[in-house]
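Scroll down for the structure; my scribbles are underneath it.
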Amino acid sequence: MLLLGSMAIAVCHQGVAVAAEKLKIEVRETAGIRRFGYPIALALPDLPLASADGHLRLREDGKPVSAQFRQDQTGGDAGPWWLDFNISMMPHEIRNFVLEYGPDVMADPEPTGLVLEQTPNGLDIRNGNHLTWTLGRGPRDLLTSVNVAGVQHLRPVGTRLGIEGPHGLLDDLGDETRAPRIIRSGPLAVAIRYEFTPRTSELAETKSIVDLTFPVSKSWVQVDWRIDDVRQAVRSMHVEVAQNLDSPTETEPTLIDFGAASLVYMSLPAGTAGKLQAAPAATEPQTPARQMWNVLRGNRNRLEPFTARPAVAGGDAEGWAHVMDRTRCLALAVDGFGRGGDDSIETTAEGNVSIVRRFAARETARAATKRLTFWLHFVGFPPHVTAATSPQSMLSPLVVRVSKL
């Protein structure tokens, strides 16, 4: 995740920011992966500017850098400023930028890019003529359509969320929700927030906040789902994605890649499913944390072991998958896969994809906030040609530090 360094931003008397204040923004590539147009999203909570000011610009070696500056719209004039920009980097490269702000700073022109449109049923986010995201009004129709170059990647069921309560009942969260709120919207990034509570009485005091972020440079959505679980009633979090795959045949089955400790690939004929699951292994106190993972395959109602890895230090599952026909691919990745509980990614040959985070008993009893962060990246087949970003890149964001100049 993004790391903010210590920020001591001086404010002049009478509450007015000094002209041409400067912040140093250091970006590090730490995973050893080359990045192409990788999106940076940086919250600047202490920036002393009112929303009407907007005198900000980004520089690298004195040259303008195309960037988007927006104040968080969910907090009124007290909301933090967001900086969004894209960057290409070599493995282990370090680059430095300067953010200039103040009443005498002349802002740079913004590029063209994403356009957010209100619709009778929700929201559309358009990236030119080649990509349109369609969002509904609640967790039952969170993301209903992804159209890439005329190819539809979701069935009408779309993407849904569900919560399992203490008695095993899965609440699909229904349609009762506040209208989605805009966190920020501009040509380089759009972020939308949903807030809702389940309908069942045993989960009525929980509150979910779901933030969806769409960068212009990628055909992915990052989903950050947080549950305020004051009664510690949540046992698991569920995500269902209805992928629009061609029907599998004997000659063209559905193709799957799973990111375990190494790549595990398989084909799925009609009526079958594949599953990657991982959870912390029981270890003695003072010993390094270890993980058990395995991959299953078979009839969707009776999965059988396909491959497994014992609890070995350094052999954790990465937690991603490719689900493909010969036209479309969904590349999904789950942050912190199998580290805090029993996580799984499962898909049927017909494209019914699920992500489940089941909390260990100790986590359920201890944590008042439950969290699930994941990415859904919609690309063409094969992803080796169409996707400029690997699942490992999604799981290892660039490290950003901010300091005063």
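Structure notes:
- Filtered by the rule that a residue be open to solvent by 40 Å² or more (accessible area, probe 1.4 Å), among the charged types (D, E, K, R) and in a strand (DSSP E or B), the range 124-160 gives ARG126, ARG155, ARG160.
- Which listed residue, of ALA20, ALA10, is at pLDDT below 95, touching a Phe, Trp or Tyr at 6+ places or on another chain (Cβ under 9 Å) and loosely packed, with under 14 Cβ neighbours inside 10 Å: ALA20
- The set of residues from the range 183-202 being surrounded by fewer than 23 Cβ atoms within 10 Å (Cβ to Cβ) and either among the hydrophobic types (A, V, I, L, M, F, W, C) or more than 16 Å from ARG70 (Cβ to Cβ) (or both) comprises ILE183, GLU195, PHE196, THR197, ARG199, THR200, SER201, GLU202.
- Residue satisfying condition, being part of a loop (DSSP other than H, G, I, E, B), touching an Asp or Glu at 6+ places or on another chain (Cβ under 8 Å) and farther than 23 Å from GLU350 by Cα, within set ARG193, ARG184, ARG199: ARG199
- Pick from the range 112-122, criterion at pLDDT 95 or above and assigned to a strand (DSSP E or B), ranking: surrounded by the fewest Cβ atoms within 10 Å (Cβ to Cβ): GLU117
- Among residues of the range 198-229, those that are in contact (Cβ under 8 Å) with a residue 40 or more places away in the chain, among the acidic types (Asp, Glu) and more than 15 Å from THR159 (Cβ to Cβ), counted: 2
- Meets criteria (of a type in the set (A, V, I, L, M, F, W, C), over 24 Å from GLU304 (Cβ atoms) and crowded, with 22+ Cβ neighbours inside 10 Å) for VAL239: yes
- Taking the criterion of being open to solvent by 10 Å² or more (accessible area, probe 1.4 Å) and in a strand (DSSP E or B), the residues of the range 222-236 that qualify are GLN222, ASP224, ARG226, ASP228.
The values are calculated or read from the model by the stated rules, or taken from the named source; none is laboratory data. From a predicted model like this one, the values you see are computed outputs, not experimental measurements. Every residue, glycine among them, receives a Cβ derived from its backbone with ideal geometry; neighbour counts consider all protein chains shown. To get the accessible areas, we keep the full protein, side chains included, count just its heavy atoms, and leave off ligands, DNA and RNA. Shrake-Rupley method; radii C 1.70, N 1.55, O 1.52, S 1.80 Å.
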